[in-house]
Amino acid sequence: MTLDMNVMAFWQNKLKAIGPRLTATDSHAKFIELLQDEIKNLGFNTIEFPFKINRCLQSSCSLENDSTKEKIPNLGPVPYSGITKEMGVKGEIRFFQSKHDVKMKGKVVVIKVKNFTIPKLLLMHQIAKYPRHTHIGFSIRHPLVAATLTLGKIQAAKDNGAVGVILVWEHISEDLANREVLPFTNSYLGIPSVWVYQ
């Protein structure tokens, strides 16, 4: 088996054109349609199992320095994090120290999120299926892993009385960070949270 780089580039561009596929969004529906069409083109039937969810969509998201009124660029909200009143939330900044930090009460907590590498075997179990001449590195870096592991810290900030959370991406390109909608597997968190780039 040989890999056709033109075919791979074609599919990568097709997926890239659809964009981030947050559950129950239009781009998610387009992705499902794409998969269904490809399966049908192979001569197979598809079966649909509709699943209803309560989708949480924030109509706006902004960050502002209360002293200077300067707008701080952000990458968007954490999906299903929290909704504020029209004036938002206000509080002093406190960097995340530990899950038991009672000084988070009434503060906006800043959590640094390192887009770290992990062994590929933790995410990929079929490396043996790759052609023998293909070299695959030992580790992989994917923002979903780091973002998902941050959920515990967001919950700790809420449990300790924080009024909001700012997540700061580290070790990720600005372009990639700007396109991510993460994490997306959590239920409603109950504390407004936004992403910013380092």
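The values are calculated or read from the model by the stated rules, or taken from the named source; none is laboratory data. Just so you know, these numbers come straight off a predicted model, no measurement behind them. Because the Cβ atoms are built from the backbone with ideal geometry, glycine has one as well, and the counts that use them run over all protein chains shown.
Here are a few things to note about the model shown:
- Members of region 63-78 that are surrounded by 11 or more Cβ atoms within 10 Å (Cβ to Cβ), within 19 Å of the chain's Cα centre (by Cα) and part of a loop (DSSP other than H, G, I, E, B): L63, N74, L75, V78
- The single condition among (1) modelled with pLDDT under 85; (2) in contact with a Ser or Thr (Cβ under 6 Å, 6 or more places away or on another chain) that V113 does not meet is (1).
- Test set (1) surrounded by 15 or more Cβ atoms within 10 Å (Cβ to Cβ); (2) modelled with pLDDT under 90 - E86 fails condition number: (1)
- Residue in region 180-198 that is surrounded by the fewest Cβ atoms within 10 Å (Cβ to Cβ), counting only those that are in contact with a Leu (Cβ under 9 Å, 6 or more places away or on another chain) and modelled with pLDDT under 85: T185
- Those residues of region 144-176 which are small (G, A, S) and either more than 25 Å from E92 (Cα to Cα) or not in a strand (DSSP E or B) (or both), in sequence order: A146, A147, G152, A156, A157, G161, A162, S173
- Every residue from region 18-42 that is within 15 Å of T185 (Cβ to Cβ) and part of a loop (DSSP other than H, G, I, E, B): P20, R21, L22, T23, A24, T25
- Test: residue in region 156-173 that is modelled with pLDDT under 95 and of a type in the set (D, E): yes
- Screening I39 on (1) within 17 Å of V163 (Cβ to Cβ); (2) without any contact (Cβ under 8 Å) to a residue 12 or more places away in the chain; (3) touching a Ser or Thr at 6+ places or on another chain (Cβ under 8 Å); (4) aliphatic (A, V, I, L, M) shows it passes everything except condition (1).
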